[in-house]
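Nothing in this text is a laboratory measurement; each read-out follows from the coordinates by a stated rule. All values derive from a computational prediction rather than experimental measurement. FYI the Cβ positions are ideal-geometry reconstructions off the backbone, even for glycines, and counts take in every protein chain you see.
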Amino acid sequence: MLIYVLVLFIVFTFILVPAYLVFSSEIYGDFYFKNIEGRKVLLNSKEKSNVKINYDYVYKNYSNTFRMLKNYFIFLFILFLVILIYNSFSYYEIINFIMENQENIILIFIVLTIGILFFINKIKIAFYFNDTEDNKILYRKILFGNFRKVNGKITYKYFNKKNKVIANIKFRNGSPKSIELKIDKILAIQITIQEITNDNFEANFIMIVDKKFTLMKGNGIFKFPAWLYGNYSDAYSYIKKNFSKISYKLLENTYFFIDIYYNSRPFSDSSSIENLFKDFIIKGNLEKYYKSGKLYEKFIIDDKNEYAKIYVKYESFYENGKVQFKGNRNMKEFEFHGICEHYYENGNIKEKANHSYGHPFGLYESFYENGKLEEKRNLNTNGKGNFESFYENGKLKERGNYRYYKKNGSYEKFYQNGKLEESGEYEDNYIRGNIERFYENGNIKEKGNVYQEYLDSEPKKIGNFEYFYENGKLRERGNYNYSGKKDGLFEYFSKNAKLIKKENYKDDELI
C-alpha cells in the first residue's frame, strides 16, 4: 500500500503540478534586444549558446514560467528533506523500505526528473493572431493544440551602447490594454488603450520625466503599430523593423531631456518625440508642459481640417498661463499655415501673419511691446512684395523689397528725424553692392562696395571705400580686398581737405 501512495505522491508533485503551471500560466518572460545594429540578437536567454546570432532564427524562452518551476522543485526538495529527517525518527519501517528499495527509488526519481525536464524543455508556446475588420485578438496555444486568449504582460527590451528602452504591453482577453515605454530611468510614456477599431486604436497617453515631471500628455486616435502584436510567427521581423525604429527616435532626445531638467528650461524643441507621435496619430490632442506643471504648448489634430495630416492647430503658453502663440503648425517641421499670432507675456500682440506652408504671405505685422507697429510687409504667394519698419514713435525706419521671401533689391534706412541714414541693396537678406551712409544733417558719411558676408555684425567691405567728415569733406579713402582687409594705398585728409598722410597695406598689415 505504501508503494502506491509514494507513486501517487511522486506523480502529483513532479508531473501534474508542474504541467499545470506550464499550461495554465499567463506569465511571459522578458524579450531582450541587444546590439541590433551589430546584428546580434539575444531574447531573454541565460543559455547564450542557444542563441542564434543572425536574422534567420529567433530563440524564445518564457523564463518567468521556468523560473517558477525551478523554485517549485527547490521547494519540493527542501520539503522532502524536512519530511525525511522528521520521519526518520518516528517511522523506521519507511526508512527500512527505502533502504531495501533505494536503488529502484533512485532510478525512478532520476527517470521521472529527466523526463519532466525534457518534456518541459520541448514545450513550444505558440501564438495565433486573429486580425479581422473589427477584431484583433492574440491567442496562445495551450494543451492538445487548443488556444486561449492572452492575459498578461509581454516585455520587450532594447539596448544600445548608452541607453535601454523597455516596452511593457499588457493584454486582457487577447487585446492590448496598456503600453508603457521607458528610457532608462529618465523618461516614461504610458499609453492606456480605450478602444480598438479596424486598423486604429483610441488611447490616452502621458510622458513623465524623472518619474515626477509631466512632459507631455494627450489623447487621440492612432494607427495600429505592427509591433503591438509582435509576439507571433514573424515576431523578430516586426519588432526589429518597427520597435527598434521607435526606440531610436526615443533615444535621440534622452540626454536632451536630462539637460532640460537640470537647467530648468521649458520642455521645448523635443522634435523627435513629436515625430514619434505624428507617425501614427490620426486625430487628438497633444499638450506639452513646463517643469512647473504649467501648460507650454497645445496641439489639436482635427481630421476635418484639410491640412490635418500635415498641419495641426497649435497653441503655446507662457508660464503665467497667457497665450504665447496660436496658429496651425506642421508636426514634423517648425512650419506654420494660415493665420498665426504671437503675443508678448503681457498679453499684447507681438506678430500677426498669414502663412502658406511655412512661408508668410499677404499682410504681416509685428509690434513693439507697447502695441506700436514695428514692421509690416505685404507679400504674394511667391514671396514678392515690399516692407516698412518703424520706430516706436511711429516714424519710418526702413523700407525696401522682398523677393522669394527674403529681402532683395534697393532699400532705404532713415533717422528718427526723417533724414536718410543709409541706402543700398539687399541680396537674400544680406547687404551687398554699392552702399551710401549719411549723417543726420544730410551730408555723406561713407560710400563704397560691400559683400554679403558679415564681419563683427558689419557688412564686409570690398573694393574702393571713402569716408567723410560731418561737414562733407573727404576724411579717408582706400581699397579692401575680397577678405575685407585693407589692401593697397590709403590716404587720410584733414577737415579742410588737406592730405595728411599715405599708407600702404597688405592684408590689413602696414608695409
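With the cut-off at 26 Å, tell me which of the pairs Lys407/Lys445; Lys413/Lys461; Lys153/Lys294 have Cα atoms farther apart than that.
Those over the limit are Lys153/Lys294.
Taking θ as phi - 60°, what are the ³J(HN,Hα) couplings along segment 496-511 by the Karplus curve (6.51, -1.76, 1.60), each to the nearest whole Hz, with x for Gly and Pro?
Using θ = phi - 60°, the values come out as 9, 6, 8, 5, 9, 7, 10, 9, 10, 10, 9, 6, 6, 9, 6, 10 Hz.
Work out, step by step, the length gained on full extension between Thr192 and Tyr482: first 0.36 nm times the residue separation, then minus their alpha carbon distance; give nm to one decimal. Please report the intermediate quantities before stating the final value.
On the way: separation 290, 0.36 × 290 = 104.40 nm, distance 6.27 nm.
Gain in length upon complete extension: 98.1 nm.
Any of Lys460/Lys501; Lys326/Lys395; Lys223/Lys283 with alpha carbons more than 20 Å apart? Name them for me. Mind dumping the intermediate values first?
Working: Lys460/Lys501 25 Å; Lys326/Lys395 30 Å; Lys223/Lys283 10 Å.
Pairs exceeding 20 Å: Lys460/Lys501; Lys326/Lys395.
Need one number: nm distance between label points at Ile339 and Asn443, each 7 Å from Cα along Cα→Cβ, rounded to one decimal.
5.2 nm
In whole Å, how far is the Cα centre of segment 452-511 from that of segment 361-383?
38 Å
Taking 51 Å as R0, compute the FRET efficiency from the Cβ-Cβ separation of Phe109 and Arg172 and round it to 0.05. Walk me through the numbers before you get to the answer.
Working: r = 41 Å, r/R0 = 0.80.
Efficiency for this residue pair is about 0.80.
Which of Val150, Val209 has the fewest other C-beta atoms within 10 Å, and how do the rest follow up to the most? List each step's numbers first, then the result.
Numbers: Val150 26, Val209 20.
Listed from fewest to most nearby Cβ atoms, that is Val209, Val150.
For Arg148 and Glu466 in one chain, what is 0.36 nm times their gap in residues minus the Cα-Cα distance, to one decimal in nm? Kindly include the intermediate steps, with their values, before the conclusion.
Values: separation 318, 0.36 × 318 = 114.48 nm, distance 9.00 nm.
That pair, Arg148 and Glu466, stretches by 105.5 nm at full extension.
Can you give the extra length, in nm with one decimal, that the chain gains between Ile206 and Phe73 once fully stretched, where that is 0.36 nm per residue apart less the Cα-Cα distance? Present the calculation step by step, with values, prior to reporting the outcome.
Details: separation 133, 0.36 × 133 = 47.88 nm, distance 4.22 nm.
Extending this stretch completely gives an extra 43.7 nm.
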